[in-house]
Amino acid sequence: MEKQRKRAPSARSLQTKARILDAAEQIFAERGFEGASMRDIAKLAEVQVGLVHHHGGGKKELFHQTVTRRADELAALRLDGLEALKQSGEVSLRGLLDVFMRAYVTLTQTGGVQWHHYGRLVAHVSADPRWRPLAAQCFDPTATRFIDEILALYPKAERQAAATGQVYSVAAMLAFLNTGWRIEALSPGAAEAQVDQLIDFCTAGMEAILTPKTQ
């Protein structure tokens, strides 16, 4: 007997799931995994708790879905930028970091409030070793590609140095996205932090650890 073909989800179902994931993104971003509850996610999404479980599974599975759903878009933007940079024939450390970080900053500035929530969500993932498999799935392939390009520019550098610089640069980028209010608090009336400052800062730091020290 031929298996019954699985029915595609309706437009209404897809809209409901998107609303649940948007709500989960905000709650997880604000409260972390431990502080978030399925009930609060359901309340923000304006659905019954049962629907959250139906579309998202358990809390851990919902967290995974929330992190993974934007990862491909971010990776594609970064890799397209990398390809354009290589086609220009003007690959540099600053150019690589610019492509990697500006893609994310641009999405947070033009993609709506959800990308701001996603930035905070990624910060939670980056800071907690239990999400290592999730980070490996969503972010490591693109990060590895950029590390390879950096090492091509610095053939004498150790991979550990490039990986360290990459991780520190991501931390600086997440700080840029999520803690701009601290700059204002420490320097009242200061102009909004600029992405070029972030890129200059990370380029100088990575250059320092990639370049072998002379004795």
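Condition check ((1) outside the structural domain of TYR118 (by TED's automatic domain parsing); (2) without any contact (Cβ under 8 Å) to a residue 12 or more places away in the chain; (3) within 30 Å of LEU93 (Cβ to Cβ); (4) of a type outside the set (A, V, I, L, M, F, W, C)) across all residues:
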site: THR16; (1), (2), (3), (4): yes, no, no, yes
site: ILE20; (1), (2), (3), (4): yes, no, no, no
site: GLU34; (1), (2), (3), (4): yes, yes, no, yes
site: PHE63; (1), (2), (3), (4): yes, no, no, no
site: ASP80; (1), (2), (3), (4): no, yes, yes, yes
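The sole residue among LEU79, LEU96, LEU51, LEU14 that is in contact with a Phe, Trp or Tyr (Cβ under 8 Å, 6 or more places away or on another chain) and either small (Gly, Ala, Ser) or in a helix (DSSP H, G or I) (or both) is LEU96. Do we have any residue at all in the stretch 107-117 that's aliphatic (A, V, I, L, M), surrounded by 17 or more Cβ atoms within 10 Å (Cβ to Cβ), within 17 Å of ILE150 (Cβ to Cβ) and at pLDDT below 95? No, the conditions are met nowhere in the stretch 107-117. Output the residues belonging to the stretch 27-48 that are in a loop (DSSP other than H, G, I, E, B) and more than 24 Å from PRO133 (Cα to Cα). GLU46, VAL47, GLN48, listed by residue number. Inspection of the stretch 142-157 identifies no residue that is in a loop (DSSP other than H, G, I, E, B), under 23 Å from GLU25 (Cβ atoms) and either without any contact (Cβ under 8 Å) to a residue 12 or more places away in the chain or of a type outside the set (A, V, I, L, M, F, W, C) (or both).
Here's the yes/no breakdown for (1) out of contact with any Leu (no Cβ under 8 Å at 6 or more places or on another chain); (2) at positive phi:
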{"residue": "GLY89", "(1), (2)": "yes, yes"}
{"residue": "MET101", "(1), (2)": "no, no"}
{"residue": "THR110", "(1), (2)": "yes, no"}
{"residue": "HIS116", "(1), (2)": "no, no"}
{"residue": "HIS124", "(1), (2)": "yes, no"}
{"residue": "ALA136", "(1), (2)": "yes, no"}
{"residue": "ALA143", "(1), (2)": "yes, no"}
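Quick one: how many residues across the stretch 171-198 are of a type in the set (Val, Ile, Thr), without any contact (Cβ under 8 Å) to a residue 60 or more places away in the chain and in a helix (DSSP H, G or I)? Here the count works out to 1. If I filter the stretch 116-129 for residues that are more than 22 Å from LYS60 (Cβ to Cβ) and of a type outside the set (Lys, Arg), do I get at least one hit? Yes, some residue in the stretch 116-129 is more than 22 Å from LYS60 (Cβ to Cβ) and of a type outside the set (Lys, Arg).
Among GLU158, GLU192, GLU184, which is the only one that is assigned by TED's automatic domain parsing to the domain that holds GLY112, at pLDDT 90 or above and out of contact with any strand residue (DSSP E or B) (no Cβ under 8 Å at 6 or more places or on another chain)?
GLU158
Here PRO129 does not fit the description of being of a type outside the set (Lys, Arg), modelled with pLDDT of 95 or more and within 30 Å of ILE20 (Cα to Cα). Per the conditions (1) at pLDDT below 95; (2) aliphatic (A, V, I, L, M); (3) more than 16 Å from ALA171 (Cα to Cα), the sole criterion not satisfied by VAL91 is (1). Based on what the data block shows, is VAL47 farther than 24 Å from VAL105 by Cβ and surrounded by 18 or more Cβ atoms within 10 Å (Cβ to Cβ)? Judged against the criteria, VAL47 is a match.
The values are calculated or read from the model by the stated rules, or taken from the named source; none is laboratory data. Keep in mind it's a predicted model, so treat the numbers as computed, not measured. For neighbour counting, all protein chains shown are included, and Cβ atoms are generated from backbone atoms with ideal geometry for every residue, glycine included.
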